[in-house]
Structure formats: C-alpha cells, structure tokens
Amino acid sequence: MPDAADEFCALFPAVYLRFCRRRARDETRITPQMDAVLHHLAMSGPLTIGEMARHFARAQSVVSEIVDGLEKKHLLERMRDARDRRRVLVWMTDDARELLARRAQVLDPARVARAMRALPPAQRAQLLSGMRALVRASGDPDA
C-alpha cells in the first residue's frame with residue numbers, strides 16, 4: 001500500500017488542475033504593479049499618490065501612471081480629502097474589491113460544487129472532515 005503522504009502528493013496536482021479558478025475571458029487584466037497597488041490600498045485604505053510612491057519607493061510619476069491605468073479600468077477613483085480639500089486620495093471601486101476577491105480564490109467554486117454534488121452525502125462529509133483534519137494536523141496555529 002502506498003504511503004498516504006505520497007498518495008496525497010500524487011493526487012493533489014490532479015485536484016488542482018481540475019478545480020483551479022481560471023480567469024474569465026471578460027475579467028479585467030492587470031499588471032503585477034497594478035495588483036500591488038490594489039492590494040496595498042485594500043490593506044491601508046485611501047492614500048495619496050505621494051504616500052503610495054513612498055511606500056513602493058517609486059517616483060510619483062510612475063505611481064501616478066499606474067493609478068491612471070487602474071482608473072481607466074474603473075478599479076480606482078480619486079476623491080478630495082474631506083478634512084483637507086487640497087489632498088486627493090485614491091481609493092478602490094466596488095469593481096476592484098470584487099476583482100481582488102475573485103483573484104484570491106484558488107479554486108473555482110462552481111467546479112467544486114458540481115463535483116461535490118456528484119458525491120454521495122456521506123463521502124462528501126468524509127472528504128471535508130479529512131481536509132479539515134489535515135489542515136489542523138499541519139501544526140499551523142492559524143489552521
């Protein structure tokens with residue numbers, strides 16, 4: 001009988017290839033730099049171009065160009081700071097938040113749901129129980 005760890009490692013690529021989330025044809029394409037800006041804004045909240053330039057250690061003109069591109073894709077918007085009307089803040093649109101949420105999904109929920117529906121309920125429950133147990137057994141306190 002093969003070692004359970006070896007068998008899991010052999011099966012995992014097949015699971016990943018069958019269920020990984022693929023980019024939809026109509027999904028907005030963004031560069032790695034655009035992705036970094038969106039993730040930074042998602043964690044920090046609205047910022048000025050200058051604040052982002054300092055964080056990324058890039059020229060303001062470079063960050064401004066990235067922001068312009070994201071704005072054209074309707075992923076960012078500029079707004080005046082309510083406390084200081086001279087400051088212009090950059091913030092994510094709902095489309096940007098939805099894009100980040102989709103991109104964070106490793107697996108395609110619809111593909112997984114179709115396969116899960118094909119399993120008998122007891123087998124589905126065993127699979128989920130086993131996956132939870134494996135994550136807990138990893139020893140990671142966040143699991």
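Per the Debye calculation on the chain with a single equal scatterer at every Cα and no solvent contribution, log₁₀ I(q)/I(0) for q = 0.20 Å⁻¹ amounts to -1.18. Applying 1/(1 + (r/R0)^6) with R0 = 35 Å to the Cβ-Cβ distance of Arg29 and Ala57 gives a FRET efficiency near 0.90. For Met116, Met52, Met43, the ranking by accessible surface with the largest value first comes to Met43, Met116, Met52, using a 1.4 Å probe.
Using Cβ point charges alone (K and R +1, D and E -1), the dipole size of the chain about the Cα centre works out to roughly 420 debye.
Name the residues of segment 85-121 whose amide N is less than 15 Å from a point 7 angstrom out from the Cα of Arg21 along the C-beta direction? Correct set: 95-113. When the chain is described by a simple charge dipole with +1 on each Lys and Arg Cβ and -1 on each Asp and Glu Cβ, the residue from Leu119, Ala24, Ala4 located farthest towards its positive end is Ala24. Considering only Ser129, Val90, Ser44, the residue lying farthest towards the positive end of the dipole of the chain is Val90, judged by Cα position with unit charges set on Cβ.
By a 1.4 Å probe calculation restricted to protein chains, Arg78 has an accessible surface near 90 Å², given to the nearest 10. Accessible area of the chain with a 1.4 Å probe: how many percent of it is carbon plus sulfur? On the chain, the fraction of accessible area on carbon and sulfur atoms equals 57 percent. When only alpha carbons are used to place a centre, segment 47-80 and segment 98-119 end up 31 Å from one another. With all protein chains in place and ligands, DNA and RNA left out, the 1.4 Å accessible area ranks Phe19, Phe8 as Phe8, Phe19, largest first.
The values are calculated or read from the model by the stated rules, or taken from the named source; none is laboratory data. No experiment lies behind these values; they were computed from the predicted model shown. Methodologically, a virtual Cβ is constructed for each residue, glycine included, from the backbone with ideal geometry; neighbour enumeration extends over all protein chains shown. With ligands, DNA and RNA removed, areas are computed over all heavy atoms of the protein, side chains included. Shrake-Rupley method; radii C 1.70, N 1.55, O 1.52, S 1.80 Å.
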